[in-house]
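> Below is a structure I'd like to ask you about.
Every number here is computed from the coordinates shown, using simple stated rules; none is lab data. Keep in mind it's a predicted model, so treat the numbers as computed, not measured. Cβ sites come from the backbone with ideal geometry, for glycine too, and all protein chains shown count toward neighbours.
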Amino acid sequence: MSFVNRLRWFFKDRWGSYVLAISVMALVSLLSTIPPNLIGRTVDYIREGELTSSGLKQTVLLLLGLAILLYVMTYIWITTLFGNSALVEKVLRGRLLANLTRMTPAFFQRNSTGQLMALATNDVLAIGQTAGYGVMTLVNTLVGASVVVIMMVSLVSWKLMLAALIPLPLLAVVISKLGKKVRTRFLEAQASFGKMNDHALESISGIRVIRSYVQENDDLIAFNQVTSEVMLKNKRVSIVNAMFQPIISLIVGISYSIGIGYGSYLVIQDEISLGQLISFNIYLGMLIWPMISFGEFINVLQRGSASADRLDTSLTQQPDLKDADKPIHVDVPGSISMQQLTFTYPSANKPSLQTITLRLERGQTLGVVGKTGSGKSTLLKQLLRQYPVEQGRLFLGDVPVEQIEIDQIRRWVAYVPQEHMLLSKSIRDNIALGKPLATADDIARAVEMASFTEDIAQMPQGLETIVGENGVMLSGGQKQRLAIARALLVDSEILMMDDSLSAVDARTESRILHHIRQERQGKTNLIATHRLSAVSHADWIIVLSEGRIIEEGRHDELMLFGGWYKEQWDRQQTEASLEE
């Protein structure tokens, strides 16, 4: 019942097609009981010498017509039922992806990529099989067995029917125990499959590192251990699955033995005819599939229920951030301000930002500098609304961010992260990711602002060049400039660049920053960097250390302070002059 409850929304939406498929299946089961009866009567006619050529001809034509009709009706219910199975898989995968896109980073810290991939593949497939093949086996078990038993009682003998079905209670007990084992072992197999996905994903994405440290053989050995565990877990599932049909065949064989033995006795006693005994044994043979279907149904149901539980656990998780009940509408972020903002990551023991206070007006540029691990990226990410923040600490346009719609805030922001996410598509598609309907002129302008024009011109297919998995065909500097062009194309109210100029030379950096200052006048920019020359033009610069602001001011003011900023500036300028 848990499986039905979890998919109640789908069965309710598709009840019409399910009623059609089940009705046609029931009618097929009913019509399938006619041939055994005709064969039994024909045998009796032959035994009594009453069979005529016209009667035999009518019987053969009727059987042929029934065969054609059953073929058409079977085609109808199969396409209808398994069409629903494919549809529920499509809908569930769409729901899963939609749910994943709403989740915050904390969710992905709790759930590995491999487990989420297993949900989208194996688990969704198991649910689809239960909604299609599982329904078929259930209907075959209930309707098929019921119709055959009724025909046995009404056309042959109720005593013979009861005797032949004596082993059935044993079947129910055995299948119940095996079903519980299938569920437990299937959950273990799915978990190991997720771990295998994780290992494969890490090996493929980190293949350059693995090769550089000559760890191919060690990685193969580790992967072999993971796949061996998956194989063993699935073997355990297969062992239980393999027990279903032999046990069912054994019980069916016992029923056949009883039917032949006791049925022959009833023929001798003239309680039934030879034709009835033949019809009964055909009916008994027709019970084999419903019995097998019952075992298959329990097997598929346990798999589907286990997968539905895993999927439901993921779908019911809510994002850490939610919109306010009555959000406040803000046209444009006239300012960005933080007032004693402190932030701690969910899995951390100490705060990453401590009592940050600053204000940035629209059109200004903020430079964020500091040692590695000082909190620069964390500061920028507060504007992405990925994690909850203290109420009344972060403001956009003098309105607390928790009172503004999350999607609205994200539409204001264009973010260039340290780790660039590139699709295995063309350069054009990657640049136009945030603005799919961008014109060729818009893309060319963004490329020029990112100082990426010359690089693209040297590529064999220009903008149509495929960058490969996560930009494997591009250098580090090219990846950065592609990501910058993507952000500049959107022309957002707020541009955030998180150390996104580290892989370009000083001259290219200067050109990019010049274009940004020129083209983004009146719009807000936040630049976090290790290279101080990238923020020397900023309206305000803050220096972070262990999540705190230790220096702030304009470039000239910070140089006069003689603190960390001046030391780093002098050192970097000396290094730059030596390189030249």
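> Please give the FRET efficiency for residue 398 paired with residue 554, using the beta carbon to beta carbon distance and R0 = 22 Å, rounded to the nearest 0.05.
Computed FRET efficiency for residue 398 and residue 554 comes out at 0.40.
> List the equivalent ellipsoid semi-axes of the stretch 148-274 in whole Å, largest first, each obtained as the square root of 5λ for an eigenvalue λ of the Cα gyration tensor.
Value: 57, 12, 10 Å, ordered largest first.
> Next question. Can you give the relative contact order of the stretch 335-579 as a percent, counting alpha carbon pairs under 8 Å and 6+ residues apart?
The normalised contact order for the stretch 335-579 reaches 27 percent.
> What is the sum of charges, Lys and Arg at +1 and Asp and Glu at -1, for the other residues whose Cβ falls under 10 Å from the Cβ of residue 330?
It works out to a net charge of -3.
> With each label point set 7 Å from Cα along the Cα-Cβ vector, what nm distance links residue 200 and residue 574?
Calculated label separation equals 5.3 nm.
> Still on this structure: Express the relative contact order of the stretch 271-357 as a whole percentage, based on alpha carbon pairs under 8 Å and six or more residues apart in sequence.
Reported relative contact order: 14 percent.
> For residue 541, what residues show an amide H to amide H distance below 5 Å, using hydrogens built from the backbone and excluding near sequence neighbours?
367, 553, 554
> Modelled label-to-label distance, residue 184 and residue 66, 7 Å Cα→beta-carbon offset: nm?
It works out to 4.6 nm between the two label points.
> Another question, if that's okay. In nm, to one decimal, how far is the residue 209 label point from the residue 426 one, both placed 7 Å along Cα→Cβ?
The two pseudo-label positions are separated by 3.3 nm.
> Quick one: length gained pulling residue 270 to residue 8 fully straight, 0.36 nm per residue minus the C-alpha distance?
Full extension of this stretch gives 89.0 nm more.
> If you rank 561, 10 by fewest surrounding Cβ atoms within 10 Å, what's the result?
Going from least to most buried by this count: 561, 10.
> Okay, next question. Relative contact order, percent, of the chain when contacts are C-alpha pairs under 8 Å separated by at least 6 residues?
15 percent
> Out of all DSSP beta bridges in the chain, what portion is antiparallel? Express it as a percent rounded to 5.
In the chain, DSSP labels about 50 percent of beta bridges as antiparallel.
> Where the only charges are on Cβ atoms (+1 Lys, Arg; -1 Asp, Glu), what is the dipole of the stretch 509-580 about its Cα centre, to the nearest 20 debye?
340 debye
> In whole angstrom, and with the biggest value first, how far do the Cα coordinates of the chain range along each principal axis?
Result for the chain: principal-axis Cα extents of 121, 56, 48 Å.
> Here's a follow-up. Give me the distance between the Cα centres of the stretch 14-38 and the stretch 310-337, rounded to whole Å.
The stretch 14-38 and the stretch 310-337 have Cα centres spaced 50 Å from each other.
> Further question on the same structure: Can you tell me how much longer the chain between residue 567 and residue 329 gets when fully stretched, taken as 0.36 nm per residue apart minus their C-alpha distance, in nm with one decimal?
Contour length minus the Cα-Cα distance gives 81.2 nm.
> Considering only Cα-Cα distances, which of the following residue pairs are longer than 32 Å: 90/181; 159/181; 326/381?
Table pairs above 32 Å Cα-Cα are 159/181.
> Can you put 372, 130, 378 in order, fewest other beta carbons within 10 Å first?
372, 378, 130
> Of 375, 356, 178, whose Cα points farthest to the positive end of the dipole of the chain (charges on the beta-carbon: +1 Lys, Arg; -1 Asp, Glu; origin at the Cα centre)?
Positive-end residue among those listed: 178.
> Say a paramagnetic label sat at a point 7 Å from the Cα of residue 465, along Cα to Cβ; which residues of the stretch 431-449 have their backbone N under 20 Å from it?
Answer for the stretch 431-449: 431-433, 440-449.
> Another question, then. Mind sorting 240, 139 by how few other Cβ atoms lie within 10 Å of their own Cβ, fewest first?
Ordered from fewest to most neighbouring Cβ atoms within 10 Å, 240, 139 come out as 240, 139.
> Further, regarding this structure: Report for the stretch 335-579 the percent antiparallel among DSSP-assigned beta bridges with both residues inside it, nearest 5.
About 50 percent, rounded to the nearest 5.
> Within 10 Å of each candidate Cβ there may be at most 15 other Cβ atoms; applying that plus a DSSP loop requirement, which GluC sites (Glu not before Pro) in the stretch 523-572 survive?
546
> At a Förster radius of 35 Å, what calculated FRET efficiency corresponds to the Cβ-Cβ distance of residue 472 and residue 79, to the nearest 0.05?
0.25
> Calculated FRET efficiency, residue 372 and residue 23, Cβ-Cβ r, R0 56 Å, to nearest 0.05?
0.25
> Can you give me the long-range amide H partners of residue 526? Hydrogens built in the peptide plane at 1.01 Å from N, cutoff under 5 Å, separation of 5 or more residues or another chain.
Here 366, 495, 496, 497 satisfy the definition.
> Expected output is a single nm value to one decimal: the length gained when fully extending between residue 48 and residue 530, i.e. 0.36 nm times separation in residues minus the C-alpha distance. What is it?
Between residue 48 and residue 530, full extension yields 163.2 nm more.
> Sort the following peptides by mean Cβ neighbour count (other Cβ atoms within 10 Å, averaged over residues), highest first: 202-214, 486-498.
Packing proxy ranking, top to bottom: 486-498, 202-214.
> Then there's this: Given H placed 1.01 Å from N in the peptide plane, which residues other than close sequence neighbours of residue 353 have an amide H under 5 Å from its amide H?
Correct list: 343.
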